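The values are calculated or read from the model by the stated rules, or taken from the named source; none is laboratory data. Bear in mind that the values here come from a model prediction, so they are computed numbers and not experimental data. Neighbour counts run over all protein chains shown; Cβ positions are idealised from the backbone, glycine included. Heavy atoms of the whole protein, side chains included, go into the accessibility calculation; ligands, DNA and RNA do not. Shrake-Rupley method; radii C 1.70, N 1.55, O 1.52, S 1.80 Å.
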Amino acid sequence: MASFSRLVRFLAKDGRTYYGDAILPHGVTDIAKAKQAKIIRGQIFGKHDVTDQVEDIRLLLAPLALDDVKTVRCLGLNYEQHAKESNLPIPKFPVLFYKPITSLAGPTDPIPVHPLAQQGTGLDYECELVAIIGKPCSDVPESSALDYVLGYAIGNDVSHRDWQLKHGGGQWSLGKGFDGWAPYGPGIVSSKIIKDPQSLQITTKLNGKTVQESSTKDMIFGVAKTIAFLSQGTTLLPGDLIFTGTPQGVGMGRTPQLWLKDGDIVEVGLEGVGSCVNRVEFTKARSKL
């Protein structure tokens, strides 16, 4: 399905934006450390080739252009220990919500916090494995579900707990769907490299201190089971992103609770993929005309 190993979208030193296959030094797996990439020609979700043309990376962008993204599906309460710290029962079925594609951002982009989300408390972080669908699938069995995955990235499901749980009437997307609140990347590692997405270390660091540290094996619904379930009666399309939930250690679950502040640096990381490092930036209200 994919001829690349580690897909990146980047601004090159020649000023142009490319899709490429990241070139990493021997023994390095963090895509964020890539300095060069082989240019990819063609359609990422169709026929494409990794060429011998090499370009220098000036800036890594969100791995997929918005035109190549279809939906952003997200799971809630999908790690057993996270459900326990939330004092909620283990879900019997995946808890599904959606983010708008405008929430997507790159691996080093700032996390903009709109004045509406600066009210009260509750600004939180969530490291998540992101699975990217590579070809259409419908009613697929769990045994073959991973065959439809293009690859994996790490993402941050930035959340505002008051808007998620109180003001929003329980509509999670309202507290999670602000612009730029789903940074992901630093690239997409092909499923031919990551064959087992349920054996990866996943972490969050806040201002250099580890606040989340777990393994994807703690997922209640693994990637294959999630895809099999979500595809029942609903066709998943190339370019669908699935944020697969977060482990324990979120700010809401701590005593005392730990909320993000203006200027905080949040780093989410996934074994074999790399890390996204994003700065929280409180924005000012736009002047009315």
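Among the numbered criteria (1) outside any loop (DSSP other than H, G, I, E, B); (2) open to solvent by less than 40 Å² (accessible area, probe 1.4 Å); (3) not β-branched (Val, Ile, Thr), which single criterion is violated by Phe4?
Only one criterion in (1) outside any loop (DSSP other than H, G, I, E, B); (2) open to solvent by less than 40 Å² (accessible area, probe 1.4 Å); (3) not β-branched (Val, Ile, Thr) is unmet by Phe4, namely (1).
Here's a check for you: in the stretch 34-43, which residue that is surrounded by 14 or more Cβ atoms within 10 Å (Cβ to Cβ) and without any contact (Cβ under 8 Å) to a residue 60 or more places away in the chain is farthest from Gly134 (Cα to Cα)? I'd like the intermediate steps shown before the answer.
Here is the first cut: in the stretch 34-43, the ones surrounded by 14 or more Cβ atoms within 10 Å (Cβ to Cβ) are 34, 36-40.
If we keep only those that are without any contact (Cβ under 8 Å) to a residue 60 or more places away in the chain too, we end up with 36-40.
Details: Gln36: 24, Ala37: 21, Lys38: 20, Ile39: 19, Ile40: 16 Å.
Among those residues, the one meeting the criterion is Gln36.
Quick one: in the stretch 171-184, of everything that is of a type outside the set (A, V, I, L, M) and closer than 17 Å to Pro115 by Cα, which residue is surrounded by the most Cβ atoms within 10 Å (Cβ to Cβ)? First the steps, then the outcome.
In the first step, residues of the stretch 171-184 are kept if they are of a type outside the set (A, V, I, L, M); the result is 171-173, 175-181, 183-184.
Now restrict to residues that are closer than 17 Å to Pro115 by Cα: 175-181.
Numbers: Gly175: 25, Lys176: 28, Gly177: 24, Phe178: 22, Asp179: 15, Gly180: 20, Trp181: 25.
In this case the residue turns out to be Lys176.
Within the stretch 83-104, is even one residue in contact with a Pro (Cβ under 9 Å, 6 or more places away or on another chain) and farther than 30 Å from Lys284 by Cβ?
yes
Could you list all residues from the stretch 185-209 that are among the small types (Gly, Ala, Ser) and surrounded by 19 or more Cβ atoms within 10 Å (Cβ to Cβ)? Lay out the reasoning, then the answer.
Going through the stretch 185-209, the residues among the small types (Gly, Ala, Ser) turn out to be 185, 187, 190-191, 199, 208.
Within the stretch 185-209, Gly185, Gly187, Ser190, Ser191 qualify.
For Asp21, all conditions in the list (1) free of Cβ contacts under 8 Å to residues at least 40 places away in the same chain; (2) assigned to a loop (DSSP other than H, G, I, E, B); (3) buried (at least 21 other Cβ atoms within 10 Å of the Cβ); (4) not hydrophobic (A, V, I, L, M, F, W, C) hold save one; what is the number of the exception?
(2)
Residues are listed down the side, and each one gets a yes or a no for (1) outside the structural domain of Ile242 (by the TED database); (2) of a type in the set (Ser, Thr, Tyr); (3) at pLDDT 95 or above:
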| site | (1), (2), (3) |
| --- | --- |
| Ile101 | no, no, yes |
| Pro110 | no, no, yes |
| Leu116 | no, no, no |
| Gly134 | no, no, yes |
| Ser173 | no, yes, no |
| Trp181 | no, no, yes |
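Select from the stretch 104-125 the residues that are touching a helix residue (DSSP H, G or I) at 6+ places or on another chain (Cβ under 9 Å) and either among the acidic types (Asp, Glu) or within 24 Å of Ser191 (Cβ to Cβ) (or both) and list them in ascending order.
Narrowing the stretch 104-125 to residues touching a helix residue (DSSP H, G or I) at 6+ places or on another chain (Cβ under 9 Å): 104, 107-108, 116-117, 119-125.
Leu104, Pro107, Asp124, listed by residue number.
Of the conditions (1) free of Cβ contacts under 8 Å to residues at least 60 places away in the same chain; (2) closer than 24 Å to Asp240 by Cα; (3) touching a Lys or Arg at 6+ places or on another chain (Cβ under 7 Å), Ile31 satisfies every one except a single condition; which number is it?
Failed condition: (1).
For the stretch 274-289, does any single residue satisfy the condition of being of a type in the set (Gly, Ala, Ser), open to solvent by 60 Å² or more (accessible area, probe 1.4 Å) and farther than 25 Å from Leu77 by Cβ? Give the steps one after another, and end with the answer.
So in the stretch 274-289, the residues of a type in the set (Gly, Ala, Ser) come out as 274-275, 285, 287.
Keeping just the survivors that are open to solvent by 60 Å² or more (accessible area, probe 1.4 Å) gives 285, 287.
From the residues that got through so far, the ones that are farther than 25 Å from Leu77 by Cβ too are 285, 287.
Checked the stretch 274-289: at least one residue is of a type in the set (Gly, Ala, Ser), open to solvent by 60 Å² or more (accessible area, probe 1.4 Å) and farther than 25 Å from Leu77 by Cβ.
Which residue pairs have Cβ atoms under 8 Å apart, sit 6 or more places apart or on different chains, and have a first residue in the stretch 81-97 that is assigned to a loop (DSSP other than H, G, I, E, B) and a second that is open to solvent by 20 Å² or more (accessible area, probe 1.4 Å) and acidic (Asp, Glu)?
Short answer, once both residue conditions are applied: Ile90/Glu80.
Please determine whether any residue of the stretch 210-218 is in contact (Cβ under 8 Å) with a residue 60 or more places away in the chain, open to solvent by less than 40 Å² (accessible area, probe 1.4 Å) and farther than 26 Å from Asp109 by Cα.
Narrowing the stretch 210-218 to residues in contact (Cβ under 8 Å) with a residue 60 or more places away in the chain: 211-212, 214, 216, 218.
Filter once more, keeping what is open to solvent by less than 40 Å² (accessible area, probe 1.4 Å): 211-212, 214, 216, 218.
Okay, now just the ones that are also farther than 26 Å from Asp109 by Cα, so 218.
Yes, the stretch 210-218 contains at least one residue that is in contact (Cβ under 8 Å) with a residue 60 or more places away in the chain, open to solvent by less than 40 Å² (accessible area, probe 1.4 Å) and farther than 26 Å from Asp109 by Cα.
Any residue in the stretch 176-183 that is out of contact with any Lys or Arg (no Cβ under 8 Å at 6 or more places or on another chain), part of a helix (DSSP H, G or I) and on the phi < 0 side of the Ramachandran plot? Step through it out loud before you land on a result.
Initially, the stretch 176-183 is screened for residues out of contact with any Lys or Arg (no Cβ under 8 Å at 6 or more places or on another chain), giving 178-180, 183.
So of that shortlist, the ones also part of a helix (DSSP H, G or I) come out as none.
No: the stretch 176-183 contains no residue that is out of contact with any Lys or Arg (no Cβ under 8 Å at 6 or more places or on another chain), part of a helix (DSSP H, G or I) and on the phi < 0 side of the Ramachandran plot.
Condition check ((1) within 21 Å of Pro110 (Cα to Cα); (2) in contact (Cβ under 8 Å) with a residue 40 or more places away in the chain) across all residues:
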residue: Ile132; (1), (2): no, yes
residue: Pro136; (1), (2): no, yes
residue: Ser144; (1), (2): no, no
residue: Ile154; (1), (2): yes, yes
residue: Asp157; (1), (2): yes, yes
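Any residue in the stretch 58-73 that is part of a strand (DSSP E or B), under 21 Å from His160 (Cα atoms), open to solvent by less than 30 Å² (accessible area, probe 1.4 Å) and not polar (S, T, N, Q)? Break it down stepwise before answering.
Step one: filter the stretch 58-73 for residues part of a strand (DSSP E or B), giving 58-60, 72-73.
From what is left, the residues that are under 21 Å from His160 (Cα atoms) are 72-73.
Checking the rest, the ones that are also open to solvent by less than 30 Å² (accessible area, probe 1.4 Å) come to 72-73.
Filter once more, keeping what is not polar (S, T, N, Q): 72-73.
Yes, there is a match, as at least one residue in the stretch 58-73 is part of a strand (DSSP E or B), under 21 Å from His160 (Cα atoms), open to solvent by less than 30 Å² (accessible area, probe 1.4 Å) and not polar (S, T, N, Q).
Does any residue of the stretch 256-272 turn out to be farther than 21 Å from Gly122 by Cβ and surrounded by 21 or more Cβ atoms within 10 Å (Cβ to Cβ)?
Filtering the stretch 256-272 down to residues farther than 21 Å from Gly122 by Cβ leaves 269-272.
Narrowing further to those that are surrounded by 21 or more Cβ atoms within 10 Å (Cβ to Cβ): 269-270.
Yes: the stretch 256-272 contains one or more residues that are farther than 21 Å from Gly122 by Cβ and surrounded by 21 or more Cβ atoms within 10 Å (Cβ to Cβ).
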